[in-house]
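Trainee: Sending over a structure as structure tokens; questions will come in a sec.
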Amino acid sequence: MRLPAEGRLHREDQDEFKEPASIALVRLAHHLETLDMLTSRIALLVLAWVLPLRLLWADTLPMPEGQAVLKVTGKITQTNVGDEAHFDYAMLEALGMHVIETHTPWTEGMSRFAGPLGRDLLDAVGAQGDLLKVKALNEFVADVPIADLRSHDVILAVERDGERMPVRDFGPIFVLYPFDENPDLLNETYRFRSVWQVSSIRVE
């Protein structure tokens, strides 16, 4: 059956403007490449936002921009002030904030503490020893085995219930063990190692 002239013309117009398959494939490949580049950029942005900055410090420990609240000395390989490593709040937070919800022998009820893991601080300064001398603002000093920080999620708490801890309330830094998670830690040995108002740590 012959198509009417009008039908033939319409069909011929379609054939005339039909895009060759090769060009269509090139266009598709270009779109996919553009989408892949966009996806890669988004992924990099997400990683930069999520990953703690300690992973980006590599061989260089940055200088604190704010007031230093913690000094780490002794057997360390990463320093930023002479042979010491000084940290302000921003640098501690950049190590990655870890949350512990727990009761403690010194506080009432459940509290939500946040701060970097002790082992992340050790990694950031390249700690080489096996013992920490943790010193408080009042000159009190406690011996804390590095093994504690490797085997337990001990944090250097800088926040309690969403607020930075002032000196009168265990701040600026509180060495905190996960007591509720591991009740075996509720003994005199670990209570003695839970130093608050921490000002410096020496690696030996």
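The values are calculated or read from the model by the stated rules, or taken from the named source; none is laboratory data. Nothing here was measured: the structure is a model prediction, and the numbers come from that model. A quick note on method: Cβ atoms are made from the backbone with ideal geometry, for glycine too, and the neighbour counts reach across all protein chains shown. Ligands, DNA and RNA are stripped out before the accessible areas are found, and what is left, the full protein with its side chains, is counted by its heavy atoms. Shrake-Rupley method; radii C 1.70, N 1.55, O 1.52, S 1.80 Å.
Trainee: Accessible area per residue, 1.4 Å probe, Å², for the stretch 145-198: what's the number?
Mentor: So the stretch 145-198 comes to 47 Å² accessible per residue, rounded to a whole number.
Trainee: Can you classify the stretch 88-204 as rounded, prolate or oblate using the Cα gyration tensor, where a ≥ b ≥ c are the square roots of its eigenvalues, rounded means a/c under 1.5, and otherwise it's prolate if a/b beats b/c and oblate if not?
Mentor: In terms of gyration-tensor shape, rounded.
Trainee: Right, here's the next one. Specify whether the C-alpha gyration tensor of the stretch 123-182 places it in the rounded, prolate or oblate class, a ≥ b ≥ c being the square roots of the eigenvalues: rounded for a/c under 1.5, otherwise prolate if a/b is larger than b/c and oblate if not.
Mentor: oblate
Trainee: Highest mean first, what order results for 101-112, 165-176, 76-87 on Cβ atoms within 10 Å?
Mentor: The most tightly packed comes first, giving 165-176, 76-87, 101-112.
Trainee: Using only the alpha-carbon atoms of the stretch 52-139, report the extent along each of the three principal axes, biggest first, to the nearest angstrom.
Mentor: 42, 29, 26
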